[in-house]
Amino acid sequence: MNKFQQGAIVLTSLVFPWLGVQVTQAATPVGDVGKVSSRQSQSIQVLAQATALNLTQQGSGTLKIGNRPTRRIERASVIVRPNGTVDLGLTYADGSGTIRFGGRLVSRSANTLRISLTSSGNADASGEVTVSYGLPNSINSMSGRGRLDGQPLTFEFSNGSQDNAAGQGMNFSQAGSGLFTLQGRPNRNISRAWVTVQPNGKAELVFLLADGNQARFSGDLVNKDAQSLNIRVTSSGMADASGNMRVEYGANNSINTIFGAGKLDGQDFSVQFSR
């Protein structure tokens, strides 16, 4: 900076003191415009790191891959890095290890993540995972649908907490389309779904099949938020049943989607429904 520039800055500061002109600001050479100082760079890095998430939760769930037996899940973890890459881990309840998935963050709100799957170890994977999370670094629920090495993939997980349980009854009904599968039997189309939750947390799901029959499941509400319910299946009529159902609902007691998987009389079943 030459003497003329320095004198102009001093004069400006004296005549227009409310402008707050500082020599350190005016002294930035024109050639350095657009460059980031080391202090600014550190601030940017800290801001980026603050957007990362590291979630983990003990709970219960199921994992189904193709025709393989349904696996029980006892813990889930989600790591979201500042660059948008994601790692998901599902730990088996029998202690045999953890299955891991890689992906990309699609969207994030105050309590929900949407993740696109890209891999599982060296295997190809695709699909979408929805994660409902809370504080501190906890997972309320997780629901995933897609394919793993060309095989259908579904998993459901919830934290098992009753903190968000019903409190008051809820009733939902929706016409739509979906598919009910039961191992060893033909797939059956779904044309309508009903979900009822009693004040004590007992829940019932009814699916109207295209042939006029119904598939009914009873269970317990595990948790709920402003958009979804997670239900642990305990029976189907007189038959034994286990598994998890995730219901995403909307205004006027409508149902947006239902995803579920588990065991029905020892056979694998799955449910997919949308409005």
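Provide the gained length on full extension for the span THR118 to ASN252, in nm with one decimal, where the gain is 0.36 nm per separating residue minus the Cα-Cα distance. Intermediate results must be reported in sequence, preceding the final value.
On the way: separation 134, 0.36 × 134 = 48.24 nm, distance 3.57 nm.
Separation in residues times 0.36 nm, less the Cα-Cα distance, equals 44.7 nm.
Read phi for every residue in region 238-247 and hand back ³J(HN,Hα) as whole Hz from Karplus 6.51 cos²θ - 1.76 cosθ + 1.60, θ = phi - 60°, with x for Gly and Pro.
8, 8, 6, 8, 8, x, 9, 10, 10, 10
Quick one: which residues, 5 or more positions from SER235 or on another chain, have an amide H under 5 Å from its amide H? H modelled 1.01 Å from N in the peptide plane, none for Pro or chain starts.
Hits under the 5 Å cutoff: SER218, ALA241.
Projecting each Cα onto the charge dipole of region 86-161 (Lys/Arg +1, Asp/Glu -1 at the beta carbon, about the Cα centre), which of LEU90, ALA110, THR154 comes out farthest on the positive side?
About the Cα centre, the residue reaching furthest to the positive side is ALA110.
Binning every alpha carbon pair distance of region 170-274 at 5 Å from zero, what are the percents per bin?
3, 14, 26, 27, 19, 8, 2, 0
Using the reciprocal of the averaged 1/r over all distinct C-alpha pairs, how large is the Kirkwood radius of region 89-147 in Å?
12.3 Å
Going by the alpha-carbon gyration tensor, a ≥ b ≥ c the square roots of its eigenvalues, is region 81-231 rounded (a/c under 1.5) or, if a/c is not under 1.5, prolate (a/b greater than b/c) versus oblate? Mind showing how you got there, number by number?
Working: a/c = 1.93, a/b = 1.27, b/c = 1.52.
In terms of gyration-tensor shape, oblate.
Amide H neighbours of ASP268 under 5 Å, at least 5 residues apart or on other chains, H built in the peptide plane: list them.
GLN183
Read-outs throughout are calculated quantities, based only on the coordinates presented, and are distinct from any laboratory measurement. None of the values given here were measured: they were computed from a predicted structure. Quick reminder, even Gly has a Cβ in these numbers, built from the backbone with ideal geometry, and neighbours come from all protein chains shown.
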